[in-house]
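Reviewing the structure listed below.
Only the coordinates and a few stated rules stand behind these numbers; no lab work does. As the structure is a computational prediction, the values presented were derived from the model and not from experiment. Don't worry about glycine lacking a Cβ; one is built from the backbone with ideal geometry, like all the others, and counts go over all protein chains shown.
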Amino acid sequence: MPEYRGEVVLATDVESVFEFLTNPANLTALIPEDTTMRILSAPPTLGAGSVIEFEVDHFGLPQRLAHELTEWEPPRRFVERMIRGPLKSYVHEHVFEELGPQRARVVDVIRFEPPGGLLGRLISSDFLLRSLEEGFAFRYDALRRRFGAG
């Protein structure tokens, strides 16, 4: 299964960045300008079993997606799984590591399978990996602007 792995070190504590990244209202600030994202539904407080539904318009293709939080270990880790969307599978593990006072590392590991059929020919593993690299480069820059580089 293809895997994307990225990380960023920030000038903040683990609790602050965990709280920021688990607030659905903050998600739209972390995506590139060429992508539109709208939260359709999310519980006020996240935890294991929470489902976030959202609409994303990327590459001119509007898609309605849903992710379920399958593992929840605040403020160190959580895992989300796509339960509605175009990919065969998508699992995103978020890990938060305390590196020292006001210094935290955020690690993202995404394992996915591209869609099958004709759509899978257009949206290949290589295409998805490039898209994830670009998207997370933007996300990490946004987090550095918010918290400072560690």
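Tabulated data
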read-out: Between the stretch 43-78 and the stretch 10-41, the alpha-carbon center distance in angstrom; value: 11 Å
read-out: Virtual paramagnetic centre 7 Å along Cα→Cβ of SER125, amide N under 15 Å, in the stretch 62-95; value: 88-91
read-out: Identified option (computed Cα extents along the principal axes in Å; candidates (i) 50, 29, 28; (ii) 52, 34, 23; (iii) 77, 43, 23); value: (i)
read-out: At R0 = 35 Å, FRET efficiency that the Cβ-Cβ distance of THR45 and ASP141 yields, to 0.05; value: 0.80
read-out: Relative contact order (%) - criterion: Cα under 8 Å, at least six apart; region: the stretch 33-110; value: 18 percent
read-out: Percent RCO, i.e. relative contact order, over the stretch 1-79, from Cα pairs under 8 Å lying at least 6 residues apart; value: 22 percent
read-out: Per-residue Cβ neighbour rank within 10 angstrom, fewest leading, ILE83, ILE31; value: ILE83, ILE31
read-out: Charge tally in the Cβ shell below 13 Å around TRP72, where Lys, Arg are +1 and Asp, Glu are -1, TRP72 excluded; value: -2
read-out: Mean separation of Cα contacts under 8 Å (6+ apart) over length of the chain, as relative contact order %; value: 30 percent
